[in-house]
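> I am attaching a structure below and will ask some questions about it afterwards.
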Amino acid sequence: NCLSCHQGGAQTMWKLSAHSRGEDGCLACHDPHGGQGAQMLKASEPELCQQCHPGQVAEGNLPSHHPIREGKMVCSDCHNVHGDERGNLPEASNGEMCFKCHGEKQGPFQAEHPPVTEDCTICHRPHGSSVDNLLVQDQPILCLQCHSGHSDSHRTPLVSTTPGSPDTLEAINGFYGRCTSCHSLIHGTDLMSGTGNPTF
């Protein structure tokens, strides 16, 4: 009934939306007889969204989170609730969506950090995390998923990290602490070393 009038604009890709498959359809969020504002919503954001998305609400209450509960943004800043290219995500990739607010991470850089160009969610959780900067894991564990850590030119660890070795704790503290303490340009860099390697 609603789609007989609301066919274009924001509703163009309605059938791609997860919300279109809901039992109540439009009435899950809208009340045509007593809703709030021009959209006749049953409640305002984010309270409306929280009724059906408790997992994302829980993540939004973790120490590191997008500022939804502070009122600086709402769910529809990132999601097109009526459907879009990737279900309810309006951009062709997560990176394109994130760069709308975090443009300084996009570059172009002379040397790119592959996760930045592939998918921001490789390193970051979109709603909230118990780790700073919405990271999926704390450093150095996150970085060591892809990087072997400090090593010589033959990929041999500079300091042993073998369990039981007397140097193990020193190695972990000295070489495997917070990677970004030294590598601060992890999203990309224009600084190149004398040997032509990127200086992240």
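The values are calculated or read from the model by the stated rules, or taken from the named source; none is laboratory data. Computed from a prediction, not measured in an experiment: that's the story for all the values here. When we count neighbours, we look across all protein chains shown, and the Cβ atoms used for this are built from the backbone with ideal geometry, even at glycine. To get the accessible areas, we keep the full protein, side chains included, count just its heavy atoms, and leave off ligands, DNA and RNA. Shrake-Rupley method; radii C 1.70, N 1.55, O 1.52, S 1.80 Å.
> From the mean inverse distance of alpha carbon pairs (Kirkwood) and the Cα radius of gyration, derive Rg over Rh for the chain.
Looking at the chain, the ratio lands at 1.11.
> Heavy atoms only, 1.4 Å probe, whole protein assembly: order I186, I141 by accessible area, highest first.
Accessible-area ranking of I186, I141, largest first: I141, I186.
> In 5 Å bins starting at zero, report the fraction of Cα pairs in the range 98-153 per bin as a rounded %.
4, 16, 23, 23, 20, 9, 3, 1
> Which ³J(HN,Hα) values in Hz, rounded to whole numbers, follow from the phi angles of the range 63-80 under the Karplus curve 6.51 cos²θ - 1.76 cosθ + 1.60, where θ = phi - 60° and Gly and Pro get x?
x, 9, 7, 5, x, 6, 5, 7, x, 8, 7, 10, 4, 6, 5, 10, 10, 9
> Now for a different question. What is the distance, in nm, between label points placed 7 Å from the Cα along the Cα-to-Cβ direction at L62 and at R21?
If labels sit at L62 and R21, their model points lie 2.5 nm apart.
> Can you give the extra length, in nm with one decimal, that the chain gains between L185 and E96 once fully stretched, where that is 0.36 nm per residue apart less the Cα-Cα distance?
30.1 nm
> Placing one identical point scatterer on every Cα of the range 1-85 and ignoring solvent, what is log10 I(q)/I(0) from the Debye formula at q = 0.11, 0.20, 0.25 Å⁻¹?
Log-scaled intensity ratios, in q order: -0.33, -1.04, -1.42.
> Over the chain, average the accessible area per residue using a 1.4 Å probe and give it in Å², no decimals.
Accessible area per residue, the chain: 66 Å².
> Taking all protein chains in place and a 1.4 Å probe, what share, in percent, of the accessible surface of the range 29-150 do carbon and sulfur account for? Walk me through the numbers on the way to the answer.
Working: 4040 of 7380 Å².
So the carbon and sulfur contribution to the accessible surface is 55 percent.
> List the GluC sites (Glu not before Pro) in the range 1-90 that DSSP assigns to loop (not H, G, I, E or B) and whose Cβ has at most 15 other Cβ atoms within 10 Å. Which are they?
Listed in order of number, the matching sites are E23, E70, E85.
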